[in-house]
1. Applying the Karplus parametrisation 6.51 cos²θ - 1.76 cosθ + 1.60 with θ = phi - 60° to the phi angles of segment 294-308, what ³J(HN,Hα) value in whole Hz is obtained for each residue in order, glycine and proline being reported as x?
2. Non-local amide H neighbours of V60 (under 5 Å, H modeled in plane, Pro and chain starts lacking H): which ones?
3. Please enumerate, by chain and number, the lysines with C-alpha under 23 Å from the C-alpha of K135, excluding those fewer than 8 residues away in the same chain.
4. Mean separation of Cα pairs under 8 Å and 6+ residues apart, divided by the residue count of the chain: what relative contact order is that in percent?
5. Averaging over all projection directions, find the projected area of the Cα convex hull of segment 1-138 and quote it in nm² with one decimal place.
6. Rounded to two decimals, what is the ratio between the C-alpha radius of gyration of the chain and 2.2 N^0.38 Å?
7. What are the principal axis extents of the Cα atoms in segment 84-200, in Å, biggest first?
8. So what is the accessible area of the chain per residue, in Å², with the probe set to 1.4 Å?
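The values are calculated or read from the model by the stated rules, or taken from the named source; none is laboratory data. If you're wondering where the values come from, they're calculated on a predicted model, not measured in any experiment. Cβ sites come from the backbone with ideal geometry, for glycine too, and all protein chains shown count toward neighbours. Heavy atoms of the whole protein, side chains included, go into the accessibility calculation; ligands, DNA and RNA do not. Shrake-Rupley method; radii C 1.70, N 1.55, O 1.52, S 1.80 Å.
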Amino acid sequence: MHVPDGFINAPVSAVAGVVAAGAVAVSLRGARRELDERTAPLAGLVAAFIFAVQMLNFPVAAGTSGHLLGGALAAILVGPYTGVLCVSVVLLMQGILFADGGLTALGVNISVMAVVTVVVAYAVFRGLVKVLPKKRPSVTASAFIAALLSVPAAAAVFTLVYAVGGTTDVPIGSVLTAMVGVHTLIGMGEAAITALTVGAVIAVRPDLVYGARGLTAPLKLRVNGELVDAPAARPEPVAVAARSSRKFLLAGLGVSLLLAGVVSFYASADPDGLEKVAADKGIDAKAEDHAAADSPLADYGVEGLTNSRLSGGLAGVIGVGVTIVAGTGVFWAVRKRRTGEDCSPTSVPENV
């Protein structure tokens, strides 16, 4: 759903840019409460993983494909504020390096693909986990539904933005129907990827899943026939926690590189939901060439390499590397500094 230059007029693009900048500023402050020395590298990995999976377009209907947006996944894994930043970093890297998503439309893309998806998904997710049984399957099911709803919500908001600032005169009702319809199908793929990823992380490291914190009742012990709260576990020092997370982070990085460098070659070549609707409804009549169209990595290929498999794979690997470095740098800079006894990570009940 990357909006190119020329779809939205300059005044509305400028307003969207202000909205996006405000959302990023608020998220930078909020992420300070979500990130510490242990979770900042995880957030960088989440951004890189989203970049990698976004290269994997999957078919959803005849002649149409879709890809992960990632707002729900990021919000559930690392928190809503950090989630907005994760997707924003991905969109920035894609726009500057790969000519994917217009630079003048960056504010629109951040507002729609980062802010809307995170807000909708996390609100739905938190509402569901409060009423469902406090077990791991409930977290996974909540993630599925939250991700599913976030994608058509983003499509509806894009249509609203286009109704206000679109550069072509088209029937907005038909655009809305087409956008929400195809992105509901894309949302099914988004939901499956999100639920599988969240479920996999919970299975091996539930303490790293932001959305799973505090979901279970305190552990009880039976003493003299009565149930009492078990003593709190002694906090684990950050240095030990960091070492214990290293293998997980390296494994996640390896998966991201594999997806972007190898599996992406087999992604669907069909236009994604927005591209298909734009072509069918005529809203792309005034689309403009990307300002970074001459980038050596434009269109996810390396300039000068004639082997398409090697070119695309190397571009994907570069993208993952740049995204994880940029993202981790941002998250490490805004993390909450902890000293002394406060350096311990937030504890998570083992039976989540």
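1. Going residue by residue, I get 8, 4, x, 10, 4, 6, 6, x, 9, 4, x, 8, 8, 7, 5 Hz, with x marking Gly and Pro.
2. Residues meeting the amide H criterion: S65, G66.
3. Partners within reach: K220.
4. Here the relative contact order equals 32 percent.
5. Seen from a random direction, the Cα hull of segment 1-138 projects 9.8 nm² on average.
6. Cα Rg divided by the expected 2.2 N^0.38 Å: 1.02.
7. Cα spread of segment 84-200 along its principal axes, largest to smallest: 49, 34, 20 Å.
8. 44
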